[in-house]
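Asker: Dropping the structure in here first, questions after.
The values are calculated or read from the model by the stated rules, or taken from the named source; none is laboratory data. Because the structure is predicted, anything quoted here is derived from the model rather than measured. Note that each Cβ is placed from the backbone with ideal geometry, even for glycine, and that neighbours are counted across all protein chains shown.
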Amino acid sequence: MVIIGENIHVIAQAVSTAIRERDARVIQDLAKAQTEAGADYVDLNVGPMKKDTEETMQWLVNAVQEATDLPLSIDTLNPVAMEAGLKTCKRKPLLNSASGKSLSKEQMLPLAQKYSCDVVISVMTDKGMPPDVESKIESIMDTVAYANELGIPNENIWVDPILLPISTAGEGQRFTVINLEFIKILEDVLPEIKSTVGLSNTSNGVPDELRPPLNRTYMVMLERNRLHSAIADPLDKELISLTKGGMPEIVELIYRTMDGEDIALSSLSQKEIEYVKTAKVLMGETLYSDAWLES
Amino acid sequence: MEYKAPTEEYTGVVREVTIGKGRKSLKIGGENILPFHFFDKGSNPNPVKFALEVLDMEPQDWPEHLIQPFKNVIADPVKWAKKCEELGADAVFLRLVSTDPAVKDSSADEAAALAKRIAEAIDIPLIIYGSGDDKKDAEVLPKVAEACDGMNLLIGPVQKENYEVVGKALLDHGHNASALSPLDINLLKELNVKLCKFFPAEKIVIDPEAAALGYGMEYSFSLMERVKQIGIITKDNMTMMPLIADLGGECWKTKQAKEDKEQGLLWEGITALSFLLAGANIIVFRHPETSRLMKKITEVK
């Protein structure tokens, strides 16, 4: 699994202050920490960037490139900031992200072609979020066909199905199930295509201490269904260990749960039980509640 | 070739909850079929029950056509409760609305004394609800539970914010708990999981919030339907509890019900019928005419 480190994100107060005050140290420390932890890309989520757009983006990319050799994921909806970022990258960057919305097709996809970089394309269209597997496939096929015509090959495209929080009143579990299925069949309908997800979205709204088990388990489940990459927290050691082969028994246990095996919980450790229970809520087998580990 | 209609058989069974004791008792739940699916394998041993609501003070904002059936007794909650019994209610639902800090902020002791007097005066089971103010209920409901020690009443609403204090008092004094969550199946399950750590699952009734027609009824409907499906079809231990639809108050505070009697009866009746179909096990009415009509409908063979 290709891990795109999510920690340089304007929502974090320290990051937004550092960008505003041009304090490179804070940003560089985050980049270094993620690199050492095993990230494959560093995501730069800069938000809408209303002021000094180009200058700020160039400063940020250069600052990060001084601290790490990893390729960067330029994460903004602002096309001017995007181009400034892509231009400044030394290694082939990831454009994060485009979608099937008209504006994005007009402004973002041409940049991916111009800089022959990789590009994240979400299933979103002008009509909004497609509600089920079929319509997600349908809309991404349209957008990918459009990108192909611009000269962007499938192997440069990372499809994002858009993860939604599992805790969304009654509906969240439907999304986690749909996205597992979507990732599973994606490569069959679009050969050579890659994929990515904003992993932490799944656990948005869940009490902080309960978020890691959801993120970790879902990553393993999606990876089994051939997910190529995830925007995630590389500082979560257990998450990295799971994807880098450090915990094969847990991975095996999650797979068995996905296969519907009736696993006797009494023979398992506390940690193993938690992984089984978490896999069951993510695959929609048991009804989710914030107390899912306790029941 | 003979045609045989397909039938389903499920593994989940809704827990049967007994409210009250001896001849003053009733049972709800116990079904292993979806609502009114009498063609499937299984049964519902306890047809839906109908409770009438009594307030612990004279109502301030009830329209004349709602007060009318109780005209001579409405200032006295004990007489009012006895009137409900005469009118054929399966249970009395006492709402301690005066304890609400925003209403009269009357004391827990007063409320407890009244609850006990009513419980002793009537020969049908009693359900008691606090005002819904979670902090005040945490004072009031334990006192009520203590005053009615051993009577096995249904008491609520037990909420996320006060389930530890209220739940413990209900347990100590031998009552059932009505667990209320705000229209969300995930929150509802979470509350049951937490409550069940010290409180018996066989003594819990789920109150999913019953919104009135035109005021969010479809949310409550889908939620009740889902609670039943997840309980009966997928056998989720934490949703296999009977449901209470506390809808009278919601219906009679609508503009439509206040305006006109016939409209009000229809408002309450259509809301109740919808929740019957969704799987409610006990329904709380304000107007005895609606209650009587709904009972008649469910008894049609």
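Asker: Looking at (1) more than 14 Å from chain B (Cβ to nearest Cβ); (2) surrounded by fewer than 19 Cβ atoms within 10 Å (Cβ to Cβ); (3) in contact with a helix residue (DSSP H, G or I) (Cβ under 6 Å, 6 or more places away or on another chain), which is the one condition that is false for A:Ile250?
Answerer: All conditions are met except number (2).
Asker: Right, next: Condition check: closer than 20 Å to A:Gly172 by Cα and either of a type in the set (Gly, Ala, Ser) or within 17 Å of the chain's Cα centre (by Cα) (or both). Does B:Glu209 satisfy that?
Answerer: So B:Glu209 fails the test.
Asker: Any idea which of (1) of a type in the set (S, T, N, Q); (2) without any contact (Cβ under 8 Å) to a residue 40 or more places away in the chain; (3) part of a helix (DSSP H, G or I) is the one B:Ser220 doesn't satisfy?
Answerer: Among (1) of a type in the set (S, T, N, Q); (2) without any contact (Cβ under 8 Å) to a residue 40 or more places away in the chain; (3) part of a helix (DSSP H, G or I), B:Ser220 violates only (2).
Asker: Let me ask something else about it. Would you mind stating whether B:Met241 is within 14 Å of chain A (Cβ to nearest Cβ) and not in a helix (DSSP H, G or I)?
Answerer: Taking the combined requirement at face value, the residue satisfies it.
Asker: Then there's this: Could you list all residues from segment A:260-281 that are away from chain B (no Cβ under 14 Å), at pLDDT 95 or above and assigned to a helix (DSSP H, G or I)?
Answerer: A:Gln270, A:Lys271, A:Glu272, A:Ile273, A:Glu274, A:Tyr275, A:Val276, A:Thr278, A:Ala279
Asker: Being away from chain A (no Cβ under 14 Å), assigned to a loop (DSSP other than H, G, I, E, B) and closer than 22 Å to B:Glu53 by Cβ: is that true of B:Leu213 here?
Answerer: yes
Asker: Right, here's the next one. Among residues belonging to segment B:25-70 that are closer than 13 Å to B:Asp90 by Cα and among the β-branched types (Val, Ile, Thr), point out the one that is surrounded by the most Cβ atoms within 10 Å (Cβ to Cβ).
Answerer: Ranking the candidates gives B:Ile28 first.
Asker: In segment B:180-196, how many are at the interface with chain A (Cβ under 7 Å from one of its Cβ atoms), assigned to a loop (DSSP other than H, G, I, E, B) and more than 20 Å from A:Leu282 (Cβ to Cβ)?
Answerer: 0
Asker: Take the residues in segment B:220-237 that are of a type outside the set (Val, Ile, Thr) and within 9 Å of chain A (Cβ to nearest Cβ), then tell me which one is farthest from A:Ile166 (Cα to Cα).
Answerer: B:Asn237
Asker: Still on this model: Which residues, taken from segment A:2-28, are without any contact (Cβ under 8 Å) to a residue 12 or more places away in the chain and among the acidic types (Asp, Glu)?
Answerer: A:Glu21, A:Asp23
Asker: Condition (residue is surrounded by fewer than 24 Cβ atoms within 10 Å (Cβ to Cβ) and polar (S, T, N, Q)) applied to segment B:203-221: is it met by at least one residue?
Answerer: Within segment B:203-221, none of the residues are surrounded by fewer than 24 Cβ atoms within 10 Å (Cβ to Cβ) and polar (S, T, N, Q).
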